[in-house]
Amino acid sequence: MRMHKKGHLEERLAACGDILTVADLSQKNMKLAAEQKEYLPFTDIFGNAGEIHLEIGCGKGAFVNTMAALYPDVNFVAVEKISNVLIEACEATAEKGLKNVHYLNCAAEVLKKYFPDGSVSRIYLNFSNPLPKLGYVRQRLTNPRFLKIYADILKEGGEIWQKTDDEAFFDYSLQSYEGCGYEIVSVCRDLASEPFEGNVVTEHEKRFMAEGKKIFRAVVRKV
């Protein structure tokens with residue numbers, strides 16, 4: 001189903017300009033676009049040199065806004081390529097007055113355009129689209145081509161925290177992590193029976209758990 005464009009979208013995005021960076025889409029070749037560096041000036045954006053946590057595919061922003069409120073000393077960058085969805089996250093952050101969240105409207109393929117190597121302490125992949133058809137394997141956010149990008153922008157010892165309701169995608173992800181040299185720190189195949197302290201429930205997670213679906217979680221580390 002096609003998503004209807006939200007009313008006054010461009011004006012609303014412009015109004016959030018202080019917490020939003022919109023990707024330069026003039027270069028259509030993603031590999032070349034990633035090479036045209038426009039590193040985010042984190043110290044200027046956040047007013048401090050605190051550690052950076054990155055959420056890829058933030059949706060409407062419930063997770064990142066909750067995390068930012070809980071951890072005011074951590075700087076969060078939330079990426080979402082669909083501006084029609086991203087605007088709700090931006091406006092929620094502005095309404096809450098959170099100063100430690102910044103949004104990036106771009107595809108994951110061009111993350112290295114905006115993030116220097118070794119600049120991110122943690123990456124969150126919350127309920128990424130599993131894209132089960134074989135023809136879309138390269139588009140999965142845990143495909144090796146993305147894991148290599150993450151490895152570059154993560155600090156040594158930096159982690160990826162993943163949640164999904166799709167077991168096949170979860171198993172694929174674990175194989176990809178191992179194949180790309182990540183250390184698997186923890187694996188949980190039913191978050192309801194193995195909860196962890198500080199878990200922030202996403203919009204998808206709440207719905208899936210209400211439907212009785214299992215939530216799978218992994219933490220992996222760059223070594």
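Would you compute, from DSSP H runs of 4+ residues alone, the mean residue ellipticity of the chain at 222 nm, taking -39500 (n - 2.57) per run and dividing by the full residue count, rounded to the nearest 500?
-9500 deg cm²/dmol
Please report the orientation-averaged projected area of segment 184-223, defined via the convex hull of its C-alpha atoms, in nm².
3.2
Work out how much length residue 38 to residue 197 would gain on full extension: take 0.36 nm times their residue separation and subtract the Cα-Cα distance, in nm to one decimal.
Net length gain for the segment: 53.6 nm.
Starting from the 7 Å offset along Cα-to-Cβ, what nm value, one decimal, do you get for the label separation of residue 96 and residue 211?
Each label point lies 7 Å from its Cα, and together they span 2.5 nm.
Pick from 150, 177, 39: which residue has the top mean-square fluctuation in a GNM of the chain where Cα pairs under 10 Å get a spring?
Greatest mean-square fluctuation among the candidates belongs to 39.
On the full set of protein chains, 1.4 Å probe, figure out the accessible area of residue 138 and give it in Å² to the nearest 10.
Per-residue accessible area (residue 138): approximately 150 Å².
Expressed as a whole percentage, what fraction of the accessible surface of segment 5-164 belongs to carbon and sulfur atoms when a 1.4 Å probe is rolled over the protein heavy atoms? Mind showing how you got there, number by number?
On the way: 4050 of 7500 Å².
Solvent-exposed carbon and sulfur of segment 5-164 make up 54 percent of the total.
From the phi angles alone, apply the Karplus equation (6.51, -1.76, 1.60; θ = phi - 60°) to segment 188-195 and give each ³J(HN,Hα) in whole Hz, x where the residue is Gly or Pro.
Each residue of segment 188-195 in turn: 10, 9, 6, 4, 5, 8, 10, x Hz.
By DSSP, what percent of the beta bridges with both residues in the chain are antiparallel, rounded to the nearest 5?
Restricted to the chain, the bridges split so that about 35 percent are antiparallel.
Looking at the chain as a GNM with Cα springs under 10 Å, which of 146, 76, 196 has the largest mean-square fluctuation?
Highest fluctuation among the options: 196.
Any chance you could run the full-extension gain for residue 82 through residue 134? It's 0.36 nm times the residue separation minus the Cα-Cα distance, nm to one decimal.
16.4 nm
At a probe radius of 1.4 Å, what is the per-residue accessible area of residue 73, in Å² to the nearest 10?
The accessible area comes out at roughly 130 Å².
With labels modelled as points extended 7 Å from the Cα through the Cβ direction, what inter-label distance (nm, one decimal) is found for residue 6 paired with residue 185?
3.2
What whole number of Å gives the distance from the Cα centroid of segment 172-209 to the Cα centroid of segment 110-146?
15
Say a site is exposed when it is one of the GluC sites (Glu not before Pro), sits in a DSSP loop, and has at most 13 other Cβ atoms within 10 Å; what is then the longest site-free stretch of the chain?
The longest such stretch corresponds to 39-196.
Which whole-percent values make up P(r) of segment 1-44 when all C-alpha to C-alpha distances are grouped in 5 Å steps starting at zero?
Each 5 Å bin holds this share of Cα pairs: 5, 15, 18, 17, 21, 17, 7, 1, 0.
Hey, what's the chain come to in accessible area per residue, 1.4 Å probe, Å²?
I get 51 Å² per residue for the chain.
The values are calculated or read from the model by the stated rules, or taken from the named source; none is laboratory data. What you are looking at is a predicted structure, and each value in this text was computed from that prediction instead of being measured. Cβ atoms come from the backbone with ideal geometry, glycine included; neighbour counts cover every protein chain shown. Protein only, heavy atoms only, side chains kept; ligands, DNA and RNA dropped before computing areas. Shrake-Rupley method; radii C 1.70, N 1.55, O 1.52, S 1.80 Å.
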